[in-house]
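Since the structure comes first, as structure tokens, the remarks are kept for the end.
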Amino acid sequence: MARKLNLRIWRGDATDGGLKDVQVDVNEGEVVLDVIHRVQATQMGDLAVRWNCKAGKCGSCSMEINGKPRLACMTQVASFDEDETITVTPLRAFPVIKDLVTDVSFNYKKAMEIPAYEHPKELAPGEARMEQVDVERSQEFRKCIECFLCQNTCHVIRDHEENKKSFAGPRFFIRIAELDMHPLDKLKNRKRTAQEEHGLGMCNITKCCTEVCPEHIKITDNAIIPMKERVVDIKYDPARMFAGLLKREKRN
Amino acid sequence: MTLERHKYDVLVIGAGGAGLRAAVEAREAGLSVAIICKSLFGKAHTVMAEGGAAASMGNVNDNDNWMVHFRDTMRGGKFLNHYRMAELHAKEAPDRIWELETWGALFDRTKEGKISQRNFGGHEYPRLAHVGDRTGLELIRTMQQKIVALQQADGREFGDMEAKMKVYAECTITEILKENGKIAGAYGYWRETGEEVLFEAPAVVIATGGVGKTFKITSNSWEGTGDGHALALKAGANLVDMEFLQFHPTGMVWPPSVRGILVTESVRGEGGILTNSLGERFMFKYIPDVFKDKYADNEAEADRWYEDQDNNRRPPELLPRDEVARAINSEVKAGRGTEHGGVYLDVSKRIPAEVIKKRLPSMWHQFYELAGVDITKEAMEVGPTCHYVMGGVEVEPDTAAAVGVPGLYAAGEVAGGMHGSNRLGGNSLTDLLVFGRRAGAGAADYVKSAGANPVSDATIKAAADRIEAPFSREGGENSYSLHAELQEVTHNLVGIIRTRTEIEEAIAKITDIRARSKNVAVAGGRKFNPGFHLAFDLDNMLLVAESTAKSALLREESRGGHTRDDFPGMNNQWRQVNHIASFDGNQVNIKAQPLPMLPKELFDLFDVHELEKYMTPEEIAKGGSN
Ligand SMILES: Cc1cc2nc3c(=O)[nH]c(=O)nc-3n(C[C@H](O)[C@H](O)[C@H](O)COP(=O)(O)OP(=O)(O)OC[C@H]3O[C@@H](n4cnc5c(N)ncnc54)[C@H](O)[C@@H]3O)c2cc1C
Ligand code: SF4
Ligand code: SF4
Ligand code: FES
């Protein structure tokens, strides 16, 4: 039941490039990544695209489909009108390498800047006891497949290259939140450093990141806003000096 | 242009669970480490693992311990496993899981707040530590973050976070280099630019994962092209047990574009049942004699087991994977399959919708988005998919050193021996951790005593020439079509059911494709060119397919992931034999090698009557090797 699909693909590299129109067969049930692969195997042997799992689990196949940041392996061709041309372009916030592949090294640099998890020294391996409800909050953020669609969509860096230096981005705000809510992590002041060193203050809660997250992580509501609120509390709450409160803050 | 060069103590090829664990160990032993991988950091296969990691922590049923786990692993592998690997794995798996927790991992919890464990095929007790159905993601992320933690410590000490450990992502190794018979480094190209790169190091850990892409229907990604298997062969190492491939019983079958994508075994672990188009729960018909005392032969008992595991036998849906895959294959062949050539797998009748969504969230998501099926209301259609290779590099169990090549180590799916003829679900993730750590330690010890082994210019030139070759040909073969042809051959002729004539035909066809592959030409430039990448991957897959076909031809019995239509049934004489593949520069040769016998203390862990099903009377009479 193959039909023809009009696909428009951005081809080129850092120096030059543009949209190319192709016609390609599409079968029932196929996703955009399938038709890109068909183009690659039959018409453009050197078309560059990243992918791994084809099941929305690895976050490799991020691109913009009709201008929206999406996973190509989870976007059904049938979700578009039959006569609609589907346009695929590389992520806009990151420098293009070739065709649909961009240089996402920014994200790996930011990952290295987030202070690591600190395990309580007195707790030997196997001794940890945690309630399911307590791990679930951090688990939500650990679902992240590092597709970087949220990073790509956040206007703080999408439209302002110069902000990249001081802004870790939503993916790493949830990393900080995850550690902050981790029942065992010992490192203190994660929220304050998020604000002061990782650019949390530059976020103005537009929620665009949450909208594109394929894992449906509530980036803004569950990570960014709670951290922002607590930063404000900490800043104006002299009582934070008390150890007991600090402990509770870690839990909340 | 000058060649990009790097020097390290240890190279780890592969950033899946095994590679990352090896890298951590080697770095913590004070050495400098390069981690090299074909994809971006954090995207290796391990990230896709769903069900969990098997370790006998005994958190859910305190009857569990390493001995029970060891027995299950040997049974699952039909006693072809290297006993020492199975022993080390069973003993060390709990420590490796707990260690992840000290690095920040957050596993699902029991009511007492311990790490929760779930049931899986072939495991006597609930044993798989898990995080919903995204356990592999948790493993990868935890180790990725552990590596960042080590880099941050290096940053504090040396002023440069990458001073002692660096990840080289999207870089493909095409050759392992030796000088004077010993490891000297590795050569490869950057996927991004196509430019070449040399890594010099006296020790190399291969952790490149599996070979699924050799087959047409597979749960593996493009990375699973058997690179490490082929690199090791070419470097003079051996592959053991290459005839054994695991066809996971439950891959998606519809729509065609997702055919092969995995449906985790947890679906059955959580209570999913298999039925054919007549509505029959057919697995009761397929319980082999060796398992009759452990699996329920009627629905009532199978259903009771979910509530009371001490007084009932397990449902046959939880038989080891080879059994379930063959059963599904037979049902479909007998005309009792579904519309799209699978069988039905149903959780919706037994488990409430909200529990399904909580315990199997990514399965729900996967079916809803890719197949338009709501698994809380309808059955899934499933069928076998090529999932895992039991065969791999022959290693010394304690150090993970590749036999015959000083300085070479292998761990994870690319290593052989641990799983015998069939791997139990969940045993891979802990295999990665246990033997990844051992490989890192083995390599570190070796480097400390062996010292540097510089690479000669002649060796570099030979490696460089090989990369250049496909660009200098014109109008040759297309790597995409050769790959498709190979997949067709393996699928049809050395797939889940095999016979002599078909395997012989496969060997002839693989030889032909290999001859034509010498003539592959690549269109376009070097920059991120998948056609060029596939040309190299294809060469590796061909060597893997040849090893598999030739080993399969010789093994005249059916065992685990190797089923011969012309030799049905297990033969106890064959249990004493491993097939060892080696490469003479021209073709793959297979030799039979005696399998090491269990020592008495492990022999005695089993009931003799059980061992009689697998061993010859002479072996039983000996009662162990010592
Ligand atoms: C869908 C799916 C689900 C699974 N679920 C489970 C489960 O629940 N429990 C379980 O125990 N097991 C499971 N498995 C099996 C298990 O995930 C794999 O066996 C395991 O992850 C392999 O890990 P690894 O470290 O050996 O290699 P991989 O994770 O496959 O990593 C291989 C690495 O090697 C790199 N590499 C390969 N070739 C080269 C080269 N030429 N140059 C440079 N780098 C190279 C790759 O880029 C990659 O980084 C599952 C497998 C799949 C496919
Ligand atoms: S909510 Fe904040 S982080 Fe998210 S897209 Fe908007 S500005 Fe960026
Ligand atoms: S938070 Fe969501 S959108 Fe952002 S990288 Fe993770 S999975 Fe992708
Ligand atoms: S290929 Fe893995 S998320 Fe699309």
With +1 on each Lys and Arg Cβ and -1 on each Asp and Glu Cβ, how big is the dipole of chain B about its Cα centre, in debye rounded to the nearest 20? 420
What residue among B:His248, B:Thr385, B:Gly16 has its Cα farthest toward the positive end of the dipole of chain B, where the charges are +1 on Lys, Arg and -1 on Asp, Glu, each on the Cβ? B:Gly16
Between B:Lys461 and A:Glu84, what FRET efficiency comes out of the Förster formula 1/(1 + (r/R0)^6) with R0 = 56 Å and r the beta carbon distance, rounded to 0.05? 0.60
Within the protein assembly as shown, what whole-number % of the accessible surface is contributed by carbon and sulfur, with the 1.4 Å probe and all protein chains included in the calculation? 50
Semi-axes of the equivalent ellipsoid of the range B:567-624: what are they in whole Å, largest first, if each equals the square root of 5 times a C-alpha gyration tensor eigenvalue? 29, 14, 8
Which value results for Rg/Rh of the range B:109-151 when Rg is the Cα radius of gyration and Rh the Kirkwood radius based on the inverse mean 1/r? 1.11
Rounded to two decimals, the Debye log10 I(q)/I(0) of chain A (Cα scatterers, no solvent) at q = 0.11, 0.17 Å⁻¹ is -0.67, -1.22
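Stokes-Einstein D for the range A:3-102 at 20 °C, 1.002 mPa s, Kirkwood Rh over Cα pairs, in µm²/s?
The estimated diffusion coefficient comes to 159 µm²/s.
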DSSP bridge pairs, the protein assembly as shown: antiparallel proportion in percent, nearest 5: 70
Of A:147-153, B:422-428, ordering from highest average Cβ density within 10 Å down gives B:422-428, A:147-153
Over the whole of A:30-36, what's the average partner chain Cβ count within 10 Å per residue? Rounded to a whole number, please. 2
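Quick check on the range B:249-386: what does the Kirkwood estimate of hydrodynamic radius come out to from the alpha carbon pairs, in Å?
Over the range B:249-386, the inverse of the mean reciprocal pair distance is 15.1 Å.
Sort the range B:428-569 into rounded, prolate or oblate with this rule: let a ≥ b ≥ c be the square roots of the eigenvalues of the Cα gyration tensor; rounded if a/c is under 1.5, and if a/c is not under 1.5, prolate when a/b is larger than b/c, oblate otherwise.
oblate
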The simple spin-label model distance between B:Arg500 and B:Asp604, using points 7 Å out along Cα→Cβ, in nm, is 4.4
At 7 Å along Cα-to-Cβ for each site, give me the label-to-label distance between B:Gln152 and B:Thr616 in nm. 5.9
For a quick protection proxy, order the peptides B:331-344, A:119-132, B:202-215, A:22-35 by their average other-Cβ count within 10 Å, most packed first. B:202-215, A:22-35, B:331-344, A:119-132
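With +1 on each Lys and Arg Cβ and -1 on each Asp and Glu Cβ, and nothing else charged, work out how big the dipole of the range B:249-386 is about its Cα centre, in Debye to the nearest 20.
220
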For chain A, what's the relative contact order in percent, using C-alpha pairs closer than 8 Å and at least 6 residues apart? 16
For the range B:198-326, what relative contact order do you get, as a whole percent, if you take Cα pairs closer than 8 Å and at least 6 residues apart? 18
Note: B vs A interface, total accessible area buried (1.4 Å probe; ligands, DNA, RNA excluded), nearest 100 Å², is 5000
Nothing charged except the Cβ atoms of Lys and Arg (+1) and of Asp and Glu (-1): what's the magnitude of the dipole of the range A:105-238 about its Cα centre? Round to the nearest 20 debye. 260
Cα-based Debye curve of the range A:105-238 sampled at q = 0.15, 0.20, 0.22 Å⁻¹ gives log₁₀ I(q)/I(0) of -0.72, -1.22, -1.42
The Rg/Rh figure for chain B, Cα atoms and Kirkwood Rh, to two decimals is 0.95
For the protein assembly as shown, accessible area per residue (1.4 Å probe, heavy atoms of protein chains only), Å²: 36
Candidate aspartates and glutamates for bridging to B:Lys349, where Cα separation is under 13 Å - those fewer than 8 sequence places away on the same chain excluded: B:Glu270, B:Asp303, B:Asp374, B:Glu378
Could you tell me the relative contact order of chain B? Use alpha-carbon pairs under 8 Å, at least six residues apart, and round to a whole percent. 20
Hull volume per residue for the range B:388-491, using the convex hull of the C-alpha atoms, in Å³ is 152
Between A:Thr42 and B:Ala353, what's the calculated FRET efficiency when r is the beta-carbon distance and R0 is 60 Å? Round to 0.05. 0.90
What average number of partner chain Cβ atoms lie no more than 10 Å from the Cβ of the residues making up B:525-535? 5
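Provide the convex hull volume over Cα atoms per residue for the range B:197-319, in Å³.
Details: hull volume 23.0 nm³, N = 123.
Dividing the Cα hull volume of the range B:197-319 by its residue count gives 187 Å³.
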Near the amide H of B:Gly185, under 5 Å away, which other amide H atoms are found, from residues 5 or more places off or on another chain, if H is placed in the peptide plane? B:Leu177, B:Ala201
What is the Å³ per residue value for the convex hull set by the Cα atoms of the range B:367-446? 126
Cα Rg over Rh - the protein assembly as shown, Kirkwood: 0.95
Across the Cα atoms of the range B:92-180, what radius of gyration and what greatest pairwise Cα-Cα distance (Dmax) are found, in Å? 18.0, 58
How many lysine pairs in the range B:142-278, separated by 8 or more positions in sequence or lying on different chains, have Cα atoms less than 20 Å apart? 5
What FRET efficiency comes out for the pair B:Asn312/B:Lys333, r = Cβ-Cβ distance, R0 = 41 Å, nearest 0.05? 0.85
Across the residues of B:103-113, average count of Cβ atoms on other protein chains within 10 Å? 6
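The values are calculated or read from the model by the stated rules, or taken from the named source; none is laboratory data. As the structure is a prediction and not an experimental result, all values here were calculated from the model. We place every Cβ from the backbone using ideal geometry, glycine too, and count neighbours over all the protein chains shown. Heads up: the accessible areas ignore ligands, DNA and RNA and are worked out on the full protein's heavy atoms, side chains in. Shrake-Rupley method; radii C 1.70, N 1.55, O 1.52, S 1.80 Å.
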